[in-house]
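These notes are about the structure you will find just below.
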Amino acid sequence: MFDRPGGADAAVLVSLDFGDTDYAESLEELKQLAESAGVQVAAVVEGKRSRPDAAFFAGSGKVEEIGGVLREAGAGMVIFNHELSAGQQRNLEQRLKTRVIDRTTLILDIFAQRARSHEGKLQVELAQLEHLATRLVRGWTHLERQKGGIGLRGPGETQLETDRRLLGKRVKLLKEKLVKLKRQHQVQRRARARGKVLSVSLVGYTNAGKSTLFNRLTHANAYAADQLFATLDTTSRRLYLGVAGEVVLSDTVGFIKHLPHTLVAAFRSTLTEALEADLLLHAVDSASPNREQQIDEVNAVLTEIGANAPQIMLFNKIDLKGQAPGVERDEYGRITGVHVSALTGAGMDLIRDVLAEFGEKLRAETSAPGVAVTADAPTH
């Protein structure tokens, strides 16, 4: 099925079903990722397999089908909804005579487009170079004239001219720069801690509405759009809560299923605000039929990076379900969730009230001698 006209910026998407329960959602996310990267989806090729083919990931018959669709659509690249090995990628490109990228490369390309801060750009380049290091093999000459574009931004443009020695030196330099930035951030966080300012981080699945919530609460102008990974760099603003004092609220990068481990590691310091927060506001797209799986995916990444602060769920987009704003509490009266709409502004006052209540409780517990701090809300 052809969705759009072909061309150099158009791609054929390939998604193989290995029996995973989240297959349909994963394919929909691939389409959104492609559109977020500025790719036109010319066609989608699907298939079922019990396991990946060692040489081509897809079977030879499916590769022939992809080639036919590619020619008919007039597309300039193929994007697999999976992680390809260097050998599989090279074999596919030689067989299809076009550029082939995988889901990881596509996500890296979006990150390359979205990074704004100095630290964000350094982290993107580091992640790209570490991914590229696994693909510095012979056999790329068929792509020698293809420069720039999706999957070849930044360091990818000099891929053929880069050897492992130079790449290793650049990776070392980037890591040293990131260590220095991390130390600067630690000084800033210690200053905040001395000032007893409550640190709150917005986390959540990508496109759950975190940046829109952030803008509503802080009257900031952080970039927000209906696309995956609209926010990459962590943005922090002070939020004043009247007599309850103030908090530092941070917006963070969104999480996604099958986020490559190299990216989780590379962006660990971007997520440090979440790692060291007093409270996590976990934004959820309450209108999504897959919200429970998305919640689990976010919590899995938070566990992986060691972020174990108490959580309060923000069930966003209630306007799409015709629900009224409200606060959920457990049997002990502890806050567990807030139902809001970042689009309409419904429930923003409830979030401020919840933050004020949490801040007052935290201050009371930390100021009491010999009393340990307890979580005001359970970690989901």
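I want to confirm something. Restricting to segment 327-380 and keeping residues that are more than 21 Å from L241 (Cα to Cα) and open to solvent by less than 60 Å² (accessible area, probe 1.4 Å), which single residue is modelled with the highest pLDDT?
D330
Could you check, for segment 6-24, whether at least one of its residues is part of a helix (DSSP H, G or I) and under 28 Å from S288 (Cα atoms)?
Yes - at least one qualifying residue is present in segment 6-24.
Filter segment 72-119 down to the residues that are farther than 30 Å from S236 by Cα and touching a residue at least 60 places away in the same chain (Cβ under 8 Å) and list them by number.
Looking only at segment 72-119, we keep the residues that are farther than 30 Å from S236 by Cα, and these are 72-102.
Passing the criteria: E72, A73, G74, A75, G76, M77, V78, I79, F80, N81, H82, E83.
Give me the residue from segment 285-301 that is open to solvent by 20 Å² or more (accessible area, probe 1.4 Å) and touching a helix residue (DSSP H, G or I) at 6+ places or on another chain (Cβ under 8 Å) and, out of that set, farthest from N207 (Cα to Cα).
Per the criteria, the residue is Q293.
Quick one: is F56 of a type in the set (F, W, Y), loosely packed, with under 14 Cβ neighbours inside 10 Å and within 23 Å of H131 (Cβ to Cβ)?
Numbers: of a type in the set (F, W, Y): yes; loosely packed, with under 14 Cβ neighbours inside 10 Å: no; within 23 Å of H131 (Cβ to Cβ): yes.
Criteria not met by F56.
Give me a count of the residues in segment 275-284 that are open to solvent by less than 40 Å² (accessible area, probe 1.4 Å) and more than 15 Å from the chain's Cα centre (by Cα).
Of the residues in that region, 4 qualify.
What tally of residues in segment 302-326 results from selecting those that are surrounded by fewer than 19 Cβ atoms within 10 Å (Cβ to Cβ) and either under 22 Å from L271 (Cβ atoms) or without any contact (Cβ under 8 Å) to a residue 24 or more places away in the chain (or both)?
7
Residue by residue, here is whether (1) outside any helix (DSSP H, G or I); (2) at pLDDT 70 or above holds:
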residue	(1), (2)
P155	no, no
L167	no, yes
K182	no, yes
R190	no, no
S199	yes, yes
L217	no, yes
A220	yes, no
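Under 9 Å between Cβ atoms, which residue pairs at least 6 apart in sequence (or on different chains) link something in segment 159-179 that is among the small types (G, A, S) with a partner that is at pLDDT below 80 and open to solvent by less than 90 Å² (accessible area, probe 1.4 Å)?
Between residues of segment 159-179 that are among the small types (G, A, S) and residues that are at pLDDT below 80 and open to solvent by less than 90 Å² (accessible area, probe 1.4 Å), the close pairs are G168/A133.
If T104 satisfies all but one of (1) within 24 Å of Y205 (Cα to Cα); (2) out of contact with any His (no Cβ under 7 Å at 6 or more places or on another chain); (3) polar (S, T, N, Q), what's the number of the condition it fails?
Evaluating T104 over (1) within 24 Å of Y205 (Cα to Cα); (2) out of contact with any His (no Cβ under 7 Å at 6 or more places or on another chain); (3) polar (S, T, N, Q) leaves (2) as the failure.
Would you check if there is a residue in segment 311-318 being on the phi > 0 side of the Ramachandran plot and at pLDDT 75 or above?
Step one: list which residues in segment 311-318 are on the phi > 0 side of the Ramachandran plot, which gives 317.
Then keep just the ones that are at pLDDT 75 or above; that gives 317.
Scanning segment 311-318 turns up at least one residue that is on the phi > 0 side of the Ramachandran plot and at pLDDT 75 or above.
Can you tell me which residue among E65, E46 is more than 25 Å from A133 (Cα to Cα) and within 25 Å of the chain's Cα centre (by Cα)? Before the answer, list the steps.
Values: E65 fails: within 25 Å of the chain's Cα centre (by Cα).
Just one listed residue meets the conditions, E46.
For segment 26-141, please list each of the strands (runs of 3 or more DSSP E) lying entirely inside it that holds at least 3 residues being not β-branched (V, I, T).
Values: elements: 40-48, 75-80, 99-101.
Where strands (runs of 3 or more DSSP E) fall fully within segment 26-141 and carry at least 3 residues being not β-branched (V, I, T), they are 40-48, 75-80.
Look through Q146, Q113 and report the one residue that is of a type outside the set (S, T, Y), at pLDDT 80 or above and either under 19 Å from the mean Cα position of the chain (by Cα) or open to solvent by 50 Å² or more (accessible area, probe 1.4 Å) (or both).
Q113
The values are calculated or read from the model by the stated rules, or taken from the named source; none is laboratory data. Since the model is a prediction, treat every value here as computed from it, not as a measurement. Because the Cβ atoms are built from the backbone with ideal geometry, glycine has one as well, and the counts that use them run over all protein chains shown. Areas reflect the complete protein model, heavy atoms only, side chains present, ligands, DNA and RNA absent. Shrake-Rupley method; radii C 1.70, N 1.55, O 1.52, S 1.80 Å.
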